[in-house]
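Everything below concerns the one structure shown next.
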Amino acid sequence: MLGARHTGRVVWRRRHASRHYAGYVLVSDDFVRLAGNEHDTGIHAVLTIPPAAIEGARVGRLPDEQVVGEQAVVIELADNDPIYLRPVTTGALGLDELARKLSSVSSHESLTAASAR
């Protein structure tokens, strides 16, 4: 996909959600999109997050920042609860790398806005 910085299989949830979604993340210059299905209910959800809404991303260290009982990346949002996600992979998890890619979306937005001035 043109402009895609990263795509991959992930599980994700909002901070106060008791259930998680299994699906995909797409990181582009223009947005982060999460799509997935909640297993028990079959609900399909899609979130598209604009760069301006992302304050940053980091690897979660606290137990309540986990997804499916595993360490996750925390997407910090400007005016909303954070989103927790973790890659679904057979290799090394690469949480630090995923956090950097997610953070770069908001950094790219800042650089684009500054160069437009």
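No value in this document is a laboratory result; all are computed from the given coordinates. Bear in mind the structure is a predicted one, so any value in this text is a computation, not a measurement. Cβ atoms come from the backbone with ideal geometry, glycine included; neighbour counts cover every protein chain shown.
Need the full-extension length gain, VAL46 to VAL59, defined as separation in residues times 0.36 nm minus the C-alpha distance. One decimal, nm.
Working: separation 13, 0.36 × 13 = 4.68 nm, distance 2.22 nm.
Stretched out fully, the VAL46 to VAL59 stretch lengthens by 2.5 nm.
Given segment 1-67, report the % of alpha carbon pairs whose separation exceeds 19 Å.
The share of Cα pairs beyond 19 Å in segment 1-67 comes to 37 percent.
Give, in nm to one decimal, the length gained when the segment between THR7 and GLU97 is fully stretched (0.36 nm per residue of separation minus the Cα-Cα distance).
My answer for the length gained is 31.1 nm.
Taking 7 Å along the Cα-to-C-beta vector as the label spot, tell me the LEU77-ARG19 distance in nanometres, rounded to one decimal.
With each label point 7 Å from Cα toward Cβ, the separation is 1.8 nm.
Listed highest first by mean packing, meaning other Cβ atoms within 10 Å per residue, what order do 37-47, 78-88 come in?
78-88, 37-47
How long, wide and thick is segment 32-98, going by the Cα atoms along their three principal axes, in whole angstroms, largest first?
Taking the Cα atoms of segment 32-98, the three principal extents are 31, 29, 21 Å.
Output the peptides 96-105, 53-62 sorted from most to least packed, where packing is the average of other Cβ atoms within 10 Å over each peptide's residues.
Highest-to-lowest ranking by the protection proxy: 96-105, 53-62.
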